[in-house]
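Have a look at the structure below, then the notes.
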């Protein structure tokens with residue numbers, strides 16, 4: 001059995017840890033990669049610092065080391081595993097690198113010896129960015145003066161300020177992540193919304209990444225909760241929540257305030273972190289609007305299944321009778337879609353439809369024209385991809401209006417959600433007699449949209465009593481219909497049949 005050289009505490013820890021890594025990976029002996037992993041474990045250690053300076057970042061190195069499988073080892077942990085021959089050679093080589101009188105092998109000697117002795121390991125690391133010559137130069141420089149060469153002059157900031165900054169950043173990170181988790185849980189478990197949940201999760205991971213370079217031990221050392229003067233301060237409002245929406249709103253505010261604090265104090269770490277946190281804060285504002293406006297629309301349209309699109313010239317009978325009969329059969333929203341009327345005629349027609357929909361107790365939506373919708377006091381407007389943006393329509397109609405958006409792709413669905421749409425139309429699903437499209441997204445798009453968001457979504461395009469069941473099977477129980485009802489001799493009967501299908505009866 002080979003006698004180990006005299007080693008520094010860091011080198012001894014690495015050799016001992018290499019045993020554990022070998023066992024985790026089910027190896028019968030300690031290989032060079034196990035010793036390298038043990039050396040890289042110490043984030044602030046000399047070996048990790050030297051590798052980083054020689055072009056191999058810690059993250060890339062750990063991604064490489066994580067590619068080795070972890071299995072349950074049958075080795076008896078009370079007996080040390082034998083060292084691979086290359087590890088023996090590396091230890092011998094490490095002795096020759098020591099220039100001090102006590103002949104003590106340090107972690108940087110082990111690192112250089114491993115890279116020198118194991119050709120395959122060196123090539124793998126070089127493919128990941130390691131400059132072997134630069135590594136050797138840095139270690140030789142350490143042999144001459146005993147220190148790692150610095151890229152910039154060493155500046156020791158006052159300890160008090162560093163700890164105070166760490167305390168503020170630690171508190172801000174905890175507040176932000178806690179608030180994110182609350183809102184994420186709401187989107188995940190209450191809304192069942194995959195898109196919004198994913199967006200919030202992405203913020204959480206980006207926030208962690210932004211501070212990944214900040215030494216975690218300093219954050220923990222700065223933490224002080226027992227003597228924090230703020231832990232005992234609260235207002236009655238902080239202990240009262242009357243609805244899920246109130247919980248979500250409060251935690252969005254908490255998130256945004258924490259991000260602002262992190263943005264300002266994070267600048268003390270350098271100019272790079274401020275823009276990252278500013279972008280995250282703006283993303284949080286966007287998501288707050290999407291979640292809260294979407295929650296209102298979800299509640300308002302919770303039971304909405306059947307949406308009628310009407311054009312006077314395409315109705316078999318009079319427009320007022322068609323709307324009345326369709327509503328009696330189960331239609332819950334009516335959209336006035338008139339592409340060929342002048343503004344005055346459109347305004348007069350919209351006023352009439354507003355009157356008839358009120359009498360029928362159904363929601364009234366105007367297609368394309370938020371100005372007309374406001375003038376006739378409609379419940380909202382529906383926008384196509386070439387119409388006004390949601391933001392501008394809301395400026396005209398106000399915060400309570402329903403604003404729908406036509407979507408033909410998953411990217412357009414996501415954009416509509418983030419823009420604050422109250423509902424979306426998904427399609428066209430089937431060929432339509434009222435509107436021509438170059439391509440049909442079809443039922444596959446219905447499936448994707450249904451899985452992506454729980455914002456109220458109405459399938460549109462050629463839907464009738466013969467194919468509505470396939471829309472339900474694809475994941476949507478809401479449909480927007482035009483000719484199937486408008487051109488029917490008995491709109492009430494057709495609407496009732498469509499409602500049965502969409503309701504799953």
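The values are calculated or read from the model by the stated rules, or taken from the named source; none is laboratory data. Nothing here was measured: the structure is a model prediction, and the numbers come from that model. Because the Cβ atoms are built from the backbone with ideal geometry, glycine has one as well, and the counts that use them run over all protein chains shown.
Yes or no: region 397-405 includes at least one residue that is more than 27 Å from the chain's Cα centre (by Cα) and in a helix (DSSP H, G or I). So far as region 397-405 goes, yes, one or more of its residues are more than 27 Å from the chain's Cα centre (by Cα) and in a helix (DSSP H, G or I).
Residue-by-condition table, conditions (1) over 19 Å from residue 401 (Cβ atoms); (2) touching a residue at least 40 places away in the same chain (Cβ under 8 Å); (3) loosely packed, with under 14 Cβ neighbours inside 10 Å:
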| site | (1), (2), (3) |
| --- | --- |
| 304 | no, yes, no |
| 307 | no, yes, no |
| 324 | yes, no, no |
| 332 | no, no, no |
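The single condition among (1) modelled with pLDDT of 95 or more; (2) within 30 Å of residue 488 (Cα to Cα) that residue 252 does not satisfy is (2).
Taking the conditions exactly as written (part of a loop (DSSP other than H, G, I, E, B) and either at pLDDT 95 or above or under 43 Å from the mean Cα position of the chain (by Cα) (or both)), does residue 353 satisfy them or not? Please lay out each step first, then the result.
Numbers: part of a loop (DSSP other than H, G, I, E, B): no; either at pLDDT 95 or above or under 43 Å from the mean Cα position of the chain (by Cα) (or both): yes.
When the stated conditions are applied, residue 353 does not pass them.
Checking the stated criteria, residue 164 turns out to be loosely packed, with under 15 Cβ neighbours inside 10 Å, assigned to a helix (DSSP H, G or I) and either modelled with pLDDT of 85 or more or in contact with a strand residue (DSSP E or B) (Cβ under 7 Å, 6 or more places away or on another chain) (or both). For residue 91, the criteria (1) assigned to a helix (DSSP H, G or I); (2) at pLDDT below 85; (3) out of contact with any strand residue (DSSP E or B) (no Cβ under 7 Å at 6 or more places or on another chain); (4) closer than 18 Å to residue 12 by Cα hold in every case but one, which is (2). When residue 383 is tested against (1) more than 27 Å from residue 284 (Cβ to Cβ); (2) surrounded by 21 or more Cβ atoms within 10 Å (Cβ to Cβ), just one condition goes unmet, and that condition is (1). In region 454-473, of all residues being in contact with a helix residue (DSSP H, G or I) (Cβ under 9 Å, 6 or more places away or on another chain) and assigned to a strand (DSSP E or B), the one that is nearest to residue 197 (Cα to Cα) corresponds to 457. The residues of region 179-193 that are in contact (Cβ under 8 Å) with a residue 60 or more places away in the chain and either more than 15 Å from the chain's Cα centre (by Cα) or surrounded by fewer than 15 Cβ atoms within 10 Å (Cβ to Cβ) (or both), listed by number, are 191, 192. Per the listing 431, 441, the residue uniquely in the same structural domain as residue 329 (by TED's automatic domain parsing), surrounded by fewer than 23 Cβ atoms within 10 Å (Cβ to Cβ), in contact with a strand residue (DSSP E or B) (Cβ under 9 Å, 6 or more places away or on another chain) and on the phi < 0 side of the Ramachandran plot is 441.
Out of contact with any helix residue (DSSP H, G or I) (no Cβ under 6 Å at 6 or more places or on another chain) and either surrounded by fewer than 20 Cβ atoms within 10 Å (Cβ to Cβ) or not assigned by TED's automatic domain parsing to the domain that holds residue 454 (or both): is that true of residue 374 in this structure? Spell out the reasoning first.
Working: out of contact with any helix residue (DSSP H, G or I) (no Cβ under 6 Å at 6 or more places or on another chain): no; either surrounded by fewer than 20 Cβ atoms within 10 Å (Cβ to Cβ) or not assigned by TED's automatic domain parsing to the domain that holds residue 454 (or both): yes.
Spelling it out, it is not the case that residue 374 is out of contact with any helix residue (DSSP H, G or I) (no Cβ under 6 Å at 6 or more places or on another chain) and either surrounded by fewer than 20 Cβ atoms within 10 Å (Cβ to Cβ) or not assigned by TED's automatic domain parsing to the domain that holds residue 454 (or both).
Can you name every residue in region 106-132 that is part of a helix (DSSP H, G or I) and more than 17 Å from residue 15 (Cβ to Cβ)? Residues satisfying the conditions are 116, 119, 120, 122, 123, 124, 125, 126, 127, 132.
Checked against (1) part of a helix (DSSP H, G or I); (2) buried (at least 24 other Cβ atoms within 10 Å of the Cβ); (3) without any contact (Cβ under 8 Å) to a residue 60 or more places away in the chain, residue 365 passes all but condition (1). The criterion of being assigned by TED's automatic domain parsing to the domain that holds residue 363 and either touching a strand residue (DSSP E or B) at 6+ places or on another chain (Cβ under 7 Å) or farther than 19 Å from residue 305 by Cβ (or both) holds for residue 410.
Looking at the structure I just gave you, is residue 291 in contact with a helix residue (DSSP H, G or I) (Cβ under 7 Å, 6 or more places away or on another chain), closer than 20 Å to residue 496 by Cβ and not in a strand (DSSP E or B)? Spell out how you get there, then give the answer.
Details: in contact with a helix residue (DSSP H, G or I) (Cβ under 7 Å, 6 or more places away or on another chain): yes; closer than 20 Å to residue 496 by Cβ: no; not in a strand (DSSP E or B): yes.
Criteria not met by residue 291.
Residues in region 341-350 that are in contact with a helix residue (DSSP H, G or I) (Cβ under 8 Å, 6 or more places away or on another chain) and either in a loop (DSSP other than H, G, I, E, B) or touching a residue at least 40 places away in the same chain (Cβ under 8 Å) (or both): 341 only. With the requirement that a residue be touching a strand residue (DSSP E or B) at 6+ places or on another chain (Cβ under 6 Å) and either farther than 23 Å from residue 417 by Cα or modelled with pLDDT under 95 (or both), what does region 469-483 give you? Selection gives 482 alone. Residues of region 258-274 that are closer than 13 Å to residue 211 by Cα and in a helix (DSSP H, G or I): 259, 262, 263, 265, 266, 267, 268, 269, 273, 274.
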